[in-house]
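Asks: Pasting in a structure now, in structure tokens, and then I'll have a few things to ask.
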Amino acid sequence: MKMKVIFLDIDGVLNKHSWSQNKTPWMEDSKVEMIGRLCKDTGAKVVLASNWRESWFEPIFYENETTAIYKGHKLFEKNNIEVVGITGRGKSRGEEIKQYLKDNPDITNYVSIDDTIVDVDNRVQTNGDIGLTQLDCQKAAQLLSN
């Protein structure tokens, strides 16, 4: 099955770096909504490349209503965002993404959205103090349409 993928980081993308100090949501609704629109407009699915990735599919986290992971799942569901996988552990995000692409030849196009520099061809780097913006989403959509 051919598909497009967004390799998605969370901290500095779906929130601001200051989220925990400022007691703001772990994921901001407006930023998750932007990813939802990007997925809808491009037909892309999400692969988590975040440090939170191992917890995402752990029932102890996503079934407990008090956890950030549970709330994240609900936000993703509300915005029709399908998470199809997580990257493995490697030396760098770029290497993890390259390995995922190698292991999943059905991926026709991808973009990495991260607040750090990721060594892959198709990437959008967010400003972690701001998080995801409409301009970031426009760049990602362009990369996914190539």
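Asks: THR67: crowded, with 16+ Cβ neighbours inside 10 Å, free of Cβ contacts under 8 Å to residues at least 60 places away in the same chain and either touching a Gly at 6+ places or on another chain (Cβ under 9 Å) or of a type in the set (S, T, N, Q) (or both), yes or no?
Replies: Answer is yes for this residue.
Asks: Hey, another quick one. Restricting attention to the stretch 96-106, which residues are free of Cβ contacts under 8 Å to residues at least 12 places away in the same chain and either open to solvent by 50 Å² or more (accessible area, probe 1.4 Å) or in contact with a His (Cβ under 7 Å, 6 or more places away or on another chain) (or both)?
Replies: Selection gives LYS102, ASP103, PRO105.
Asks: While we're on this one: Within the stretch 121-131, does at least one residue satisfy the condition of being over 18 Å from ASN51 (Cβ atoms), touching a helix residue (DSSP H, G or I) at 6+ places or on another chain (Cβ under 7 Å) and at pLDDT 95 or above?
Replies: yes
Asks: Next up: When the residues of the stretch 31-45 are filtered to those that are touching a residue at least 60 places away in the same chain (Cβ under 8 Å) and closer than 14 Å to LEU143 by Cβ, which remaining residue is most open to solvent (accessible area, probe 1.4 Å)?
Replies: Only one residue fits best here, namely ASP41.
Asks: Turning to a different aspect of this structure: Kindly state which helices (runs of 4 or more DSSP H) lie completely within the stretch 11-103 and contain at least 1 residues that are at pLDDT 80 or above and on the phi < 0 side of the Ramachandran plot. Working first, answer last.
Replies: On the way: elements: 29-42, 53-56, 59-62, 68-78, 93-103.
Those helices (runs of 4 or more DSSP H) span 29-42, 68-78, 93-103.
Asks: Can I ask one more? Out of ASN109, ASN122, ASN80, I need the residue that is surrounded by fewer than 16 Cβ atoms within 10 Å (Cβ to Cβ) and not aliphatic (A, V, I, L, M). Which one?
Replies: Numbers: ASN109 fails: surrounded by fewer than 16 Cβ atoms within 10 Å (Cβ to Cβ); ASN122 fails: surrounded by fewer than 16 Cβ atoms within 10 Å (Cβ to Cβ).
Exactly one of ASN109, ASN122, ASN80 is surrounded by fewer than 16 Cβ atoms within 10 Å (Cβ to Cβ) and not aliphatic (A, V, I, L, M), namely ASN80.
Asks: Only residues in the stretch 128-146 that are surrounded by 14 or more Cβ atoms within 10 Å (Cβ to Cβ) count as the first member; pair them with residues that are in a helix (DSSP H, G or I) and hydroxyl-bearing (Ser, Thr, Tyr), Cβ under 7 angstrom, at least 6 apart or cross-chain, and list the lot.
Replies: Close Cβ pairs satisfying both conditions: ALA141/THR42; LEU144/THR42.
Asks: Which residue out of THR116, THR108 is closer than 15 Å to LYS4 by Cα, modelled with pLDDT of 90 or more and not basic (Lys, Arg)?
Replies: After ruling out the rest, the residue left standing is THR108.
Asks: Going by the conditions given, is ASP115 in contact (Cβ under 8 Å) with a residue 12 or more places away in the chain, under 18 Å from LYS31 (Cβ atoms) and crowded, with 17+ Cβ neighbours inside 10 Å?
Replies: In short, yes.
The values are calculated or read from the model by the stated rules, or taken from the named source; none is laboratory data. Keep in mind that this is a model prediction, so the values were computed, not measured. Every residue, glycine as well, gets a Cβ built from its backbone with ideal geometry; the counts of neighbours run over all protein chains shown. Just the protein is used for accessible areas: all its heavy atoms, side chains included, with ligands, DNA and RNA removed. Shrake-Rupley method; radii C 1.70, N 1.55, O 1.52, S 1.80 Å.
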